[in-house]
Structures are given as structure tokens and as C-alpha cells.
Amino acid sequence: MGEIEGFPMGIHSLQVEQEIEGDDMTVLQHILACDVERTALLKEMEEIINEPEASEAPSKKGKGKGAAPKKSAKTARLAEISARLEAIQAPDQEVKAVEILTGIGFS
């Protein structure tokens, strides 16, 4: 039943589909994208940096204090993200990935 002549009896074999749709990402980009924490932190950092600034005009109450707390919260979050990126050695990951890819024959 389903036996292949000459195939050892104690060995199990599985077949998996290996066809994937191509995209414009490089092998290096695919490898770096596998680090979901790094990718999420970098995306959040970019979103914070590119977020439009709140109007610094005085509010209707005349105090004009609305932008300062938001700005300090953004600055604090950016500092947290930077610290975590350093902790996970994110700045070194691309160099390490390139070294590994070069070592296995990618150019």
C-alpha cells in the first residue's frame, strides 16, 4: 500500500509545495523581515517621526499647552523604541545577515 520499491521501511517522507509568488524584496530584506519585533519597532518609529505635528497655536482656552505633552510623549516613546532596538542589537543585524548570506554563497 503506497510503498516505493527500494525505499527504506522506517523512513517517512513528506512533500511540501515550494512554489511562491515572487516580489521585489531582496533575500536580505526577507531575512530581516523575519525579526518581527525589530520590524514592528522600526515601523512604529517611522510612524512617530512622520506623524504630522499638532498645531502649536494656542487653544481656545488660551493656554496653548496641548502640543507640549503630546510632543514629550512622542519623545519618550522614541527613546523607549531606541533603547529596545539597541537591546536586541538591531543596528548589527543587517551586517550579520550579510555576512551569513555571503558565507553561504549569496553575492
Matching residues, region 1-28, being surrounded by fewer than 10 Cβ atoms within 10 Å (Cβ to Cβ) and within 30 Å of E99 (Cα to Cα): V16, E17, Q18, E19, I20, E21, G22, D23, D24
Matching residues in region 1-49 - criterion: being assigned to a loop (DSSP other than H, G, I, E, B), under 30 Å from K74 (Cβ atoms) and either among the charged types (D, E, K, R) or touching a strand residue (DSSP E or B) at 6+ places or on another chain (Cβ under 7 Å) (or both): D35
Residue among I31, I48 that is more than 30 Å from T102 (Cα to Cα), surrounded by 10 or more Cβ atoms within 10 Å (Cβ to Cβ) and modelled with pLDDT of 90 or more: I48
Only one of K61, K65 that is over 27 Å from the mean Cα position of the chain (by Cα) and either farther than 29 Å from A83 by Cβ or modelled with pLDDT of 80 or more (or both): K61
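The values are calculated or read from the model by the stated rules, or taken from the named source; none is laboratory data. Source: prediction; values computed, not measured. FYI the Cβ positions are ideal-geometry reconstructions off the backbone, even for glycines, and counts take in every protein chain you see.
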